[in-house]
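The values are calculated or read from the model by the stated rules, or taken from the named source; none is laboratory data. Keep in mind that what you see is a predicted model, and the values were worked out from it rather than measured. Don't worry about glycine lacking a Cβ; one is built from the backbone with ideal geometry, like all the others, and counts go over all protein chains shown.
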Amino acid sequence: MASSLGKEKSGITVSKNSDFSEWYTQVVLKAKLADYAPVKGLIVLRPDGYSIWESLRSTFDKKFAKNGIRNGFLPILIPESLLGKEEKHFAGFNPEVFWVTHSGTNEIGDRLALRPTSETLAYTMYSKWIQSWRDLPLKINFWNTALRAEIKATKPFLRTSEFLWQEGHTVHSTQEEAEKEVMKILDIYKKTVEDELAIPVVTGKKSEKEKFVGAVYTTTMESIMPDGKALQMGTSHFLGQNFSKPFEVKFADKDNVEHFAWQTSWGVSWRLIGAMIMVHGDDKGLVLPPKVAPMQVVIVPIYKNDEGKEIVLPKVDEIREKLESQDIRVHVDDREGMSPGYKFNDWELKGVPLRIEIGPKDIENKSVVIAKRHNLEKSSLGFSEIDKISEILDEIQKEMLKKAKEQASKNTINISDYSEFKSKIDEGGFLCTSWCGKLECEEKIKEETGAEIRVIPWDSENITQKCVYCKEQSKSVPIFARGY
RNA sequence: GGGGUUGUAGUCUAGCUUGGUAUGAUACUAGUCUGGGGGACUAGUGAUCGCAGGUUCAAAUCCUGCCAAUCCCA
């Protein structure tokens, strides 16, 4: 009785299957990743949440650097006159822009936008910095936040009015080089998300309707969440000369002829953290992939009295040092007055990938008990095998990706008939079905089913089938889904 | 865009209809016993009841506005 009461108070009180939305919010709050800020749609990141972001950031930074991309920083305010320079871009973002209209008590004539994205500002600067082909390529990434007012219901990490992200902006002398860059970035994104967060993604192109406003085309990576909804995990845009013309990003080529430059922009946000929570979490709380876990291993010492303590703690220290020397992020939970059971539940809620239990019994047996978070399996590990923990963490990482892949493929189905489409869409999932390429059909499908084209996967051109809606010859087989 | 619901210690909650400054649990602090899956006892601390007005001798309670969270429909 007392134990079930305690469980209700500090653990997750709903199951992932029965109330996904509530489950998600509870995991975010109770695992102490984030909390609500006093303003609608804004959240505060707590250290455990921010640490995951820092881990992703550091991985991306290394990969960006290898690709010749350096970091810069842009201010948050953009004058309206500048934001409006590319018409379609402005029209797309305008409804959700926060405006600064006063400085102190004085009204600002050219009001200032809190950046919804920085293309316009970055390219104003770029046009000053670029004169010659020798200045290209110019590849800068910016870690910052963007602000887009969310009127609809908000969700921590998934839909917030301010979000942490990185936006990369590159400039090239040729179309070919720019397009290659778009693909390189998408590849970095895909590999990082799969390797670090253990979430499988599908990459491809957005439809004309869903592309980034102002882009020539948008490439994207999409994932399916356990509730059957699709989540956009990151995008990499080919901007062509759509921005270089209005912003006069020009360069003199080797032949001394002036050309407009070719540009790309791309970004991933803390939505990735939301995806990680949804994909891996369970009824006990968060489950962290070892690579991004702030703590990879937690050691829980168990003893009944001072005598036991004297036996156990030196061994705990020894193991901790051994693990630390292998760059494993380890924490010893030496809190007094808490039962081991309480601690187990606590660390499971917080998603620590591996727990080591060590008490007098283990000292006798010259082994420890290890408990894996992702499958809740316990086993014993001899003192001489402590070195294997690094491998075990790698295995956990792999198993998590494998499980996520199985889940994703179960939620991906091929559909050829529209009535089947309509009946399946309520169950959620990725619906792969052929399409004629016409906006009209895309819009009708969205209107009638709520599903949109999430991604047109690479190599999905197909002219041998019929459009699921109009029955005319198909062009491709996109993935339709309802999205976040 | 339209329509609901909710807001009381860190967390959950009683009280609200029928106005009289607040119930219980958990957490927290101290101590003793405990300790291998959310431990027991004892004693404490902690709330101007989301915010701002209004009605009233008196407001958590009634009224108005706002803020925030959440759900449903488009």
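Anything in segment A:313-350 that is more than 29 Å from A:Ile277 (Cα to Cα), of a type outside the set (A, V, I, L, M, F, W, C) and either touching a Pro at 6+ places or on another chain (Cβ under 7 Å) or buried (at least 17 other Cβ atoms within 10 Å of the Cβ) (or both)? List them, or say none.
Passing the criteria: only A:Lys315.
Quick one: which residue in A:Glu162, A:Glu119, A:Glu150 is farther than 19 Å from A:Ala65 by Cβ, within 16 Å of RNA strand B (Cβ to nearest atom), touching a strand residue (DSSP E or B) at 6+ places or on another chain (Cβ under 7 Å) and modelled with pLDDT under 95?
Exactly one of A:Glu162, A:Glu119, A:Glu150 is farther than 19 Å from A:Ala65 by Cβ, within 16 Å of RNA strand B (Cβ to nearest atom), touching a strand residue (DSSP E or B) at 6+ places or on another chain (Cβ under 7 Å) and modelled with pLDDT under 95, namely A:Glu150.
Take the residues in segment A:22-57 that are more than 16 Å from A:Leu288 (Cβ to Cβ) and small (Gly, Ala, Ser), then tell me which one is nearest to RNA strand B (Cβ to nearest atom).
Here the residue is A:Gly41.
Of the residues that sit in segment A:296-312 and are assigned to a loop (DSSP other than H, G, I, E, B) and farther than 16 Å from A:Asn365 by Cα, which one is modelled with the highest pLDDT?
Here the answer is A:Gln296.
Report whether or not A:His280 is closer than 26 Å to A:Trp53 by Cα, more than 11 Å from RNA strand B (Cβ to nearest atom) and surrounded by 18 or more Cβ atoms within 10 Å (Cβ to Cβ).
yes
So which residues in segment A:466-484 are part of a loop (DSSP other than H, G, I, E, B), basic (Lys, Arg) and over 23 Å from A:Phe212 (Cα atoms), if there are any at all?
The answer is A:Lys471, and nothing else.
Would you be able to say whether some residue in segment A:380-400 is loosely packed, with under 13 Cβ neighbours inside 10 Å and within 23 Å of A:Glu307 (Cα to Cα)?
yes
Filter segment A:59-109 down to the residues that are more than 19 Å from A:Ser265 (Cα to Cα), modelled with pLDDT under 95 and charged (D, E, K, R), then identify the one that is farthest from the chain's Cα centre (by Cα).
Out of the qualifying residues, it is A:Glu107.
Under the condition of being under 24 Å from A:Ala215 (Cβ atoms) and not in a loop (DSSP other than H, G, I, E, B), which residue from segment A:58-76 is nearest to RNA strand B (Cβ to nearest atom)?
A:Phe60
Could you check how many residues of segment A:148-173 are closer than 30 Å to A:Trp23 by Cα and over 17 Å from the mean Cα position of the chain (by Cα)?
Qualifying residue count, segment A:148-173: 6.
Here are some residues: A:Thr192, A:Thr203. Which one is within 12 Å of the chain's Cα centre (by Cα) and not small (Gly, Ala, Ser)?
That would be A:Thr192, the only listed residue that is within 12 Å of the chain's Cα centre (by Cα) and not small (Gly, Ala, Ser).
Show me the strands (runs of 3 or more DSSP E) found entirely inside segment A:128-229 where at least 1 residues are out of contact with any helix residue (DSSP H, G or I) (no Cβ under 6 Å at 6 or more places or on another chain) and among the acidic types (Asp, Glu).
A:162-172, A:217-224
Could you grab me the full set of residues in segment A:241-286 that are within 20 Å of A:Trp129 (Cβ to Cβ) and in a strand (DSSP E or B)?
Correct list: A:Lys250, A:Phe251, A:Ala252, A:Glu258, A:His259, A:Phe260, A:Trp262, A:Gln263, A:Thr264, A:Ser265, A:Trp266.
Can you tell me which residue is nearest to RNA strand B (Cβ to nearest atom) among those in segment A:353-372 that are among the small types (Gly, Ala, Ser) and part of a strand (DSSP E or B)?
It comes out as A:Ala371.
Return the only residue of A:Ile413, A:Ile453, A:Ile463 being touching a Leu at 6+ places or on another chain (Cβ under 9 Å) and outside any helix (DSSP H, G or I).
A:Ile413 is the lone residue from the list that is touching a Leu at 6+ places or on another chain (Cβ under 9 Å) and outside any helix (DSSP H, G or I).
Looking only at segment A:332-352, count how many residues are within 7 Å of RNA strand B (Cβ to nearest atom) and of a type in the set (A, V, I, L, M).
2
Confirm whether A:Leu431 is surrounded by 14 or more Cβ atoms within 10 Å (Cβ to Cβ), in a strand (DSSP E or B), more than 16 Å from RNA strand B (Cβ to nearest atom) and without any contact (Cβ under 8 Å) to a residue 60 or more places away in the chain.
For A:Leu431, the condition - surrounded by 14 or more Cβ atoms within 10 Å (Cβ to Cβ), in a strand (DSSP E or B), more than 16 Å from RNA strand B (Cβ to nearest atom) and without any contact (Cβ under 8 Å) to a residue 60 or more places away in the chain - is met.
Considering only segment A:364-379, state which residues are more than 18 Å from A:Lys284 (Cβ to Cβ), crowded, with 18+ Cβ neighbours inside 10 Å and not polar (S, T, N, Q).
A:Val368, the sole residue that qualifies.
Contact list please: Cβ distance under 7 Å, first residue in segment A:147-164 and closer than 22 Å to A:Val100 by Cα, second residue among the basic types (Lys, Arg) and more than 10 Å from RNA strand B (Cβ to nearest atom), pairs at least six apart or on different chains.
A:Leu147/A:Arg115; A:Ser161/A:Arg148
Within segment A:22-45, which residues are among the small types (Gly, Ala, Ser) and either part of a loop (DSSP other than H, G, I, E, B) or farther than 17 Å from A:Ile273 by Cβ (or both)?
Of everything in segment A:22-45, those that are among the small types (Gly, Ala, Ser) and either part of a loop (DSSP other than H, G, I, E, B) or farther than 17 Å from A:Ile273 by Cβ (or both) turn out to be A:Ala31, A:Ala37, A:Gly41.
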